Structure formats: structure tokens, C-alpha cells
Amino acid sequence: IHNPNRTKRKYWVRLGRTSLWWENFVNNIVVAEEWRESFRMSKENFMKLCDKVRPFLLKQSTNMRSPISVEKQVAVTLYYLSDEGRYLKVANAFGIGKSTVSETVRRVCKCISIVLGPEYIKLPTSEQDVKQAVSNFYDAHRFPQCTGAVDGTHIFIKQPLENATDFVNRKNRYSLNVQAICDYRYCFMDVVIKWPGSVHDARIFCNSKLNEMLRNGSIPSLPKVIVPNTDPVPICVLGDPAYPLLPYVMKEYPGGGSISEEQFFGWRLCSARMVIECAFGRLKG
């Protein structure tokens, strides 16, 4: 139905806006280092990512439009995410409109989350996988019987239209409190993104799938004697003082006076737990 009050479009593509910069990548004119500087990955890994999401992003050409290639859609998204997210800057670099950038970023991010999320972000559930995770963590950070570290981080958002006060965190900013656990390589194994910023880390953990799987044995506990003549110790995750102390959750504790075995243990635990802090730092970078 024609709307007489609708503003007439002045132009489909703004004059002077060109995709020459991106075409230099397509035609192999730029040096190899430009791929990593612009998209945070090598050209080889970029093409692998495109191949994985191609069946879900490929569109047919019609008489009315010539769709954006899968490579360009992925490049637009990575370039947007790598530089604090500016629609206008990305639109100018790729010769497309700001609304197209917005639609592309949302489509590609959703596709990556659905297609690649279950493949790469998953908790170890078999004895072999748990043993391998524990062994790798010990070799890298010298903490026994540990599969990874868990923590929460605040992702700032705009003020929600409903229940806005629930999203105000301790810094008086609107946010989501995101819980994640990572392995020895700073790679995420589980992520929970649904809780308002005012919710405490301990509450999020107690209601998480991670806590349930550790409690009911879906993640094998694999008890092991660490010190001779002592009880066997099950596998655990490392958390900061905000988390509850449980058979499968270890957290640092304050110490004082001269250096003792307990203080050294606390220092080692704190040092190993930094993997999740570094993982969040890389994510926000």
C-alpha cells in the first residue's frame, strides 16, 4: 500500500561512497598484515570462517538486487566489532549504507552464535575430555584438579524500557552481568547471558547449567589423591571471593603475616584464576 506521507528516498547510495578499500583485500593488493590489523585474523582463518557460515548467509541474485557476498558480510561484521562499533565508519569503508551495516552485523553475529557456538563453546562431559582439560590446566598454570576459571563481567547497555532499575549495577550504569568459564588457553567453555546487572555473581552461578552439571555429575568429578595419606580431591573450577566455597568450587581467601603454605596456595589459586580475567580483557578489546 502506497503511503503518501512517506519521505521520498533521495538516493540509494551516497555520492562518493565506494568499496575500493574492501576490493583491495579481495584482489590481494593489500599486504598480509592488513588482514590481521583490520579483521583480527589472518586471511586463511577469515576464509575458513566464511566457509562455515556460507550456507546460512548466501542469498540469491534477483532482478531487483545483487546481494552482498558472504565474504563482504563477514568482513563488515569483523571490522565493526574490531573498532568499537561505528556504523558510519564501516559504511564508508565498504561503500554501503549504515542501515545495511546494522542488518549485516546482526545477521552474521546471530549466524556465528547458532552455527559455531555449540561447536567451540562447550563444557567437557566425558572422562577423557575432563582428564585432558585438567592435565592441560595443570601444565599451563600448575594448579591441580582444575578444569577452568569462572567469573562475571558487566556488559553496558542502553536503559531498558521495562524494569530498568534491575539493570543498574554497582557503578550505577545499566548492564548485563555475563558469567563465563574459560580453560587454560583463555577459550570460553560456557557463557550465560541473561541476568540484569544488579544480580550477584553467586546467584547467577547457583542458577547456571555449569553448577548443575558439576553437582549432579554430568561433568565427571574424577577424585584424585593430591597429597599422600589424605582424602581424594574432585575436579573443580576457580572463582573469586564472590562465589560460594563448594567441593567443586575453589576460591581465594585472605591471608596475613609471614608466607605460609596456605598463603602460597592462595597465591597460586589467584594466579591461575587470572585466565578468566585475561579472557574478558581480550573479549572487550
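A few notes on this one:
- Residue list for the range 172-183, filter: open to solvent by less than 70 Å² (accessible area, probe 1.4 Å) and in a loop (DSSP other than H, G, I, E, B): ASP183
- Filtered by the rule that a residue be outside any loop (DSSP other than H, G, I, E, B), basic (Lys, Arg) and open to solvent by 70 Å² or more (accessible area, probe 1.4 Å), the range 44-76 gives LYS48, LYS52.
- Some residue of the range 151-162 being under 15 Å from ALA272 (Cβ atoms), touching a residue at least 60 places away in the same chain (Cβ under 8 Å) and touching a helix residue (DSSP H, G or I) at 6+ places or on another chain (Cβ under 9 Å): yes
- Meets criteria (within 18 Å of ALA279 (Cα to Cα) and of a type in the set (D, E, K, R)) for ASP190: yes
- Count - residues of the range 79-91 that are open to solvent by 80 Å² or more (accessible area, probe 1.4 Å) and either closer than 17 Å to LEU20 by Cα or touching a Cys at 6+ places or on another chain (Cβ under 7 Å) (or both): 2
- Test for PHE137: is it farther than 19 Å from ILE219 by Cβ, surrounded by 19 or more Cβ atoms within 10 Å (Cβ to Cβ) and not basic (Lys, Arg): no
- So PRO228, is it of a type outside the set (A, V, I, L, M, F, W, C), touching a Lys or Arg at 6+ places or on another chain (Cβ under 6 Å), open to solvent by 60 Å² or more (accessible area, probe 1.4 Å) and over 22 Å from GLY285 (Cα atoms): no
- Within the range 87-101, considering residues that are out of contact with any Lys or Arg (no Cβ under 6 Å at 6 or more places or on another chain) and part of a loop (DSSP other than H, G, I, E, B), the one nearest to GLU44 (Cα to Cα): ILE96
Okay, residues lined up against (1) assigned to a helix (DSSP H, G or I); (2) modelled with pLDDT under 90; (3) among the polar types (S, T, N, Q); (4) at positive phi:
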position: THR18; (1), (2), (3), (4): no, yes, yes, no
position: GLY85; (1), (2), (3), (4): no, yes, no, yes
position: GLU103; (1), (2), (3), (4): yes, no, no, no
position: VAL108; (1), (2), (3), (4): yes, no, no, no
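- Of all residues in the range 235-246, one or more are open to solvent by 90 Å² or more (accessible area, probe 1.4 Å) and either at negative phi or modelled with pLDDT of 90 or more (or both).
- Only one entry in PHE264, PHE188, PHE205 is hydrophobic (A, V, I, L, M, F, W, C), out of contact with any Asp or Glu (no Cβ under 9 Å at 6 or more places or on another chain) and at pLDDT below 90, namely PHE264.
- If the condition is being open to solvent by 20 Å² or more (accessible area, probe 1.4 Å) and part of a loop (DSSP other than H, G, I, E, B), then the range 184-219 contributes TYR184, ARG185, TYR186, CYS187, SER198, HIS200, ASN207, GLY217, SER218.
- Criterion violated by VAL134 - all others in (1) modelled with pLDDT of 95 or more; (2) not in a helix (DSSP H, G or I); (3) not small (Gly, Ala, Ser) satisfied: (2)
- When we screen SER113, SER69 for residues that are over 20 Å from PHE25 (Cβ atoms) and either of a type outside the set (Ser, Thr, Tyr) or free of Cβ contacts under 8 Å to residues at least 24 places away in the same chain (or both), the only hit is SER113.
- Scanning the range 140-171 for residues that are among the acidic types (Asp, Glu) and open to solvent by less than 100 Å² (accessible area, probe 1.4 Å) yields ASP151, ASP166.
The values are calculated or read from the model by the stated rules, or taken from the named source; none is laboratory data. Please read all numbers here as calculations on a predicted model, not as lab measurements. Glycine also receives a Cβ, built like all others from the backbone with ideal geometry; neighbour counts cover every protein chain displayed. The protein model used for the area step is the full one, side chains on, heavy atoms only, and it has no ligands, DNA or RNA in it. Shrake-Rupley method; radii C 1.70, N 1.55, O 1.52, S 1.80 Å.
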